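In what follows, a structure is listed as structure tokens, so that the remarks can point back to it.
No value in this document is a laboratory result; all are computed from the given coordinates. Everything quoted here is computed from the prediction, not taken from an experiment. Cβ: placed from backbone, ideal geometry, glycine included. Neighbour counts: every protein chain shown.
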Amino acid sequence: MSAAKGHLSMLTANTIWGMMAPLAKYVMAAGVVTPFVLTDLRIFGAAVLFWIASLFKKQERVPVRDLAKLFVASMLAIVFNQGSYISGVGLTSPMDASIITTSMPLWAMLIAAVFLKEPISARKVGGIVAGAAGALLLITGSHRAAEASAGDNAMLGNVLVLTAQLSYAFYLVLFKNFVTRYSIVTIMKWMFTFASVVMLPLTFSDLNATQWSDVESRHIASIAFIVVGATFVSYILVVVGQRLLRPTVAGMYNYVQPVVASIIAIAWGMDSFSFVKLAAVILIFGGVFLVSTSKSRESVQKCADKY
């Protein structure tokens with residue numbers, strides 16, 4: 001039952017993130033909000049919401065040593081992840097950025113093997129390959145040639161996008177056990193607070209230059225969904241999944257995002273259905289199944305103990 005809760009949490013979080021992609025593009029296309037300002041609104045907005053939520057829960061005392069760990073977690077899961085990705089997308093092509101994003105489950109598997117001694121099995125590798133193949137089918141089939149052109153500095157952009165995937169993979173692995181120590185609200189409250197403190201000096205000029213009076217109500221509604229749904233709610237769900245699932249399994253749900261984005265594009269008339277897309281979806285969820293049913297360190301240890 002707990003595993004099912006973890007799967008549902010990660011599925012929901014990544015579904016919301018998949019919905020966020022076209023909304024974020026819609027807001028930024030208006031030209032009144034830059035990518036960094038949108039990132040700031042996500043981080044600052046979530047910090048405020050988590051502090052408000054903490055007022056309705058029993059207060060937990062967090063010692064300085066654990067606050068330091070939460071600072072590192074906020075750097076990996078929020079600042080380096082979101083900041084590097086936004087910066088990288090602006091320098092490289094959307095196609096390259098999307099393809100590099102599919103590497104995150106692979107990094108999670110390798111890092112978990114090193115730090116958590118999780119076994120690398122043929123089933124797990126096969127699942128990651130199947131999921132990546134499905135995601136790549138969706139990505140290459142849903143981007144027009146005009147969108148595939150390189151940005152101002154494609155190599156640096158690709159490195160930054162890769163950094164975003166690595167930092168999030170490290171967060172999933174290194175903080176899997178730590179996130180069970182406190183309530184989700186306490187963990188997220190401090191993580192988003194630390195991220196806000198770090199981001200503000202870096203992006204203050206963008207915030208100061210924003211013409212807030214030019215932001216229309218339809219853009220405000222989209223931003224509200226991004227802050228509340230795609231940040232506040234989704235990060236709660238990710239911690240639930242992180243607690244209940246192995247890092248590689250949690251990372252596999254990254255492949256759900258292009259599925260959702262593709263469904264929205266079809267619904268909005270921006271794309272069309274094809275059997276290639278159906279095959280891609282089957283590969284992605286088949287890959288998630290293979291990784292989920294692969295042997296964990298605990299199951300391997302139990303088998304060893306019998307002999």
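The gain in end-to-end length when the VAL114 to LEU11 segment is fully stretched comes to 34.5 nm, 0.36 nm per residue minus the alpha carbon separation. Near ALA250, once Lys and Arg are set to +1 and Asp and Glu to -1 for all other residues with Cβ below 11 Å from its Cβ, the sum equals +3. Positive contributions from Lys and Arg (+1) and negative ones from Asp and Glu (-1), summed over other residues with Cβ under 13 Å from the Cβ of TRP212, come out at -4.
Between SER121 and THR140, the distance separating the two model label sites (each 7 Å from Cα on the Cα→Cβ line) works out to 3.0 nm.
Placing R0 at 51 angstrom, the Cβ-Cβ distance between LYS295 and SER213 gives a FRET efficiency of 0.30 after rounding to 0.05.
Straightening the chain between TRP268 and LEU55 buys 72.7 nm, computed as 0.36 nm per residue apart minus the Cα-Cα spacing.
The sum of -39500 (n - 2.57) across all DSSP H runs of n ≥ 4, divided by the residue count of the chain, sets its helix-only mean residue ellipticity at 222 nm to -23500 deg cm²/dmol. Over all other residues within a Cβ to Cβ distance under 13 Å of ILE236, the charged ones net out to +4, with Lys and Arg as +1 and Asp and Glu as -1.
Efficiency by 1/(1 + (r/R0)^6): what FRET value for TYR26 and LEU200, r their Cβ-Cβ distance, R0 = 30 Å, to the nearest 0.05? Taking R0 as 30 Å, the efficiency between TYR26 and LEU200 is 0.70.
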